[in-house]
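Colleague: Below you will find the structure I want to go over with you.
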Ligand code: SF4
């Protein structure tokens, strides 16, 4: 006999299947094949470590290239993160939800099948931000402090995308604050970007309890907001920060090592993947490779790769 948790997940799955959004454990929207494998430049010399802020070449960006036709996007599954952590909302269960949230789930208050996907096509960025602020399309609406929509210059030709808000982001409503955010600022400055001149967002607009990875239902529920956000910003390049963001944008299952190779496409926008700054804080030895990624990203942005 299924548990209540299983029944809730089944209800979510039935709804997603009914929308054609879920098949074989992989969430996707059929937009044609996903071009892969555009070779990176790969000619830059290696640096011993990520330079300090301001050490990069702030050269003028080149004009954006012609945007190709829309292509496929795949939203993937993700392994579970840390479980059972405590938060301001109380002790959490194995899925990271508090007892109150679990009760709401069992009462059907957050069942995705109860709410049709919103029509976002007429919304501008501020309208979209307001729509996100009142969103209850997934259970994370019950545990968030505030939504984290995005930050930076909406006219930017480059967008950086992380996986989901963390504790500080959830409190402040701004992506990439705290230690990881400060390191991201340095990574940007190292290749001549200023935080105020780029746009930063996440796959999810609400914090998963205990900072666990987003699950497939949450990713599928939130994906329309990111898709519309990117449609409005029209960046030339996306930089996915970390495996979770890279997999959500590009496809299920590929390891970060593979995702970091070359450039990819999301709805016709060039995508590159590098480490999440939090991973670099945990393992500074990765900064060497991250520096190579950032140099390659800059070349793609400049149109020289
Ligand atoms: S994570 Fe996204 S889909 Fe879920 S409640 Fe927040 S805004 Fe809505």
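Colleague: Residue 285 to residue 167: FRET efficiency via 1/(1 + (r/R0)^6), r the Cβ-Cβ distance, R0 35 Å, to the nearest 0.05?
Modeller: According to the calculation, E is roughly 0.85.
Colleague: Oh, and also: Per-residue counts of other Cβ atoms within 10 Å, averaged by peptide: what ranking do you get for 138-149, 177-188, 213-224, 275-286, highest first?
Modeller: Highest to lowest by the protection proxy: 213-224, 138-149, 177-188, 275-286.
Colleague: What nm distance separates the two modelled labels at residue 304 and residue 133, each placed 7 Å from Cα along Cα→Cβ?
Modeller: 4.2 nm
Colleague: So, one more: How long is the gain from residue 231 to residue 257 if the chain were fully straight, where each residue apart is worth 0.36 nm and the alpha carbon distance is subtracted? Write out the running numbers ahead of the final one.
Modeller: On the way: separation 26, 0.36 × 26 = 9.36 nm, distance 2.77 nm.
Between residue 231 and residue 257, full extension yields an extra 6.6 nm.
Colleague: For the stretch 157-305, rounded, prolate or oblate, judged on the Cα gyration tensor with a ≥ b ≥ c (square roots of eigenvalues), a/c < 1.5 rounded, else prolate if a/b > b/c?
Modeller: It comes out rounded by the Cα gyration axes.
No lab work stands behind these numbers, since they all come straight from the coordinates. If you're wondering where the values come from, they're calculated on a predicted model, not measured in any experiment. In this analysis, Cβ positions are derived from the backbone assuming ideal geometry, glycine residues included, and neighbour counts consider all displayed protein chains.
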